[in-house]
Amino acid sequence: MSERVNAPATVVELLVPARELALAPTLASGQVFRWRPHGAGWVGVVGRTVWQVSQHGERLTVTSWGAPVDVAAVQRFFRLEVELGQLYAALGGRQPLLDAALARFPGLRVVCQPADDALLSFAVASANHVGRIARSLDRLAAALGPPIATPGGEPFWALPGWEQLAAADPDWLWRVADLGYRGRVLQRLGEALARRPAGWLAGLAALPYSEAQRELAALPGIGPKIADCVCLYGLGFDEAVPIDSHLWAIARTLFGPAIPTASLTPRTYRAVADLFRATFPAAPGWAQHYLFHARRLTPLAVRRQVA
């Protein structure tokens, strides 16, 4: 691994009302995995850069190492084009569970991270908890990814490219990155993406949601849930509704007999996602994320009471 290169930081500042962005729930709600609290703010890896983000009143400051950052990149990452007051008005009053989640996490935003980061992160995330996902991604980055110039000697690496994953030993991925059976899946996924034209993944954002989801779900080891995670958190499709075990439990509470089967079959997955889209048409993906985060932070005993 080559030495990290010292590079000057770039800084951008935006005026963002505090009600429009709460960093902690946004960055610790299971949609990105390489962020952590740092001083008065947060630090994380975005593509081939390290961002340090802090809020002071209405001033949002982003310092970047590895590559320059501009206002447009920050706006795109935090989806600042979405005005939360309007969003809450559109989503509120439809389901008490969502109303409670909206009130509990004001300023929680759905992000739009680089599509490659989103796909690799959620491919690792399958059947894992957030702490293990973060550790696996950090190990992958440190072993196979390019180093990023940062201040103070703290090591940061970007996630590896698809070519590096394609060439990796699946047994090594199993042992060192703690990926279990997903090691072989990631290696096959790397092979598939390495054969695609440059920019293919990010270019899916220009397609209709249904086509982008279908393209992603056809990749090795992906399927509809991970495809929807990438559509929502990496491509900006607000109509994407990832259905995991948390959302499946929530859906049974919200929709009851409207769900056609007792198990999450492919047909039922589509039906539940369609129910979310019909119930929360303004932004079903955002509704899903608020409900998902609220359930993650709800004690198990309480979950059982409301299930």
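The values are calculated or read from the model by the stated rules, or taken from the named source; none is laboratory data. What you see is a predicted model; the values in this text were computed from it and never measured. We place every Cβ from the backbone using ideal geometry, glycine too, and count neighbours over all the protein chains shown.
Some points to look at:
- Applying the condition of being of a type outside the set (Gly, Ala, Ser) and crowded, with 19+ Cβ neighbours inside 10 Å to segment 134-156 and asking which residue is nearest to GLN52 (Cα to Cα) yields THR150.
- Segment 238-275 - residue that is part of a loop (DSSP other than H, G, I, E, B), in contact (Cβ under 8 Å) with a residue 12 or more places away in the chain and more than 13 Å from HIS289 (Cα to Cα) and, of those, farthest from the chain's Cα centre (by Cα): ILE259
- Single residue of segment 278-302 satisfying the filter (part of a helix (DSSP H, G or I) and of a type in the set (Ser, Thr, Tyr)) that is surrounded by the fewest Cβ atoms within 10 Å (Cβ to Cβ): THR279
- Residue in segment 200-207 that is in a helix (DSSP H, G or I), touching a residue at least 60 places away in the same chain (Cβ under 8 Å), under 23 Å from PRO68 (Cα atoms) and not assigned by TED's automatic domain parsing to the domain that holds SER64 present: yes
- Considering residues of segment 126-165 that are more than 20 Å from the chain's Cα centre (by Cα) and part of a loop (DSSP other than H, G, I, E, B) only, the residue nearest to LEU201 (Cα to Cα): PRO146
- Some residue of segment 79-86 being over 20 Å from the mean Cα position of the chain (by Cα), surrounded by fewer than 16 Cβ atoms within 10 Å (Cβ to Cβ) and on the phi < 0 side of the Ramachandran plot: yes
- Failed item, numbered, when ALA73 is tested on (1) in contact with a helix residue (DSSP H, G or I) (Cβ under 8 Å, 6 or more places away or on another chain); (2) within 25 Å of ALA40 (Cα to Cα); (3) surrounded by fewer than 22 Cβ atoms within 10 Å (Cβ to Cβ): (1)
- Take the conditions (1) outside the structural domain of LEU193 (by TED's automatic domain parsing); (2) within 12 Å of VAL32 (Cα to Cα); (3) not aliphatic (A, V, I, L, M); GLY92 misses just one of them, which is (2).
- One residue from LEU219, LEU275, LEU207, LEU264 being surrounded by fewer than 23 Cβ atoms within 10 Å (Cβ to Cβ) and farther than 25 Å from LEU189 by Cβ: LEU275
- Residue within segment 171-180 that is in a loop (DSSP other than H, G, I, E, B) and out of contact with any Lys or Arg (no Cβ under 8 Å at 6 or more places or on another chain) present: yes
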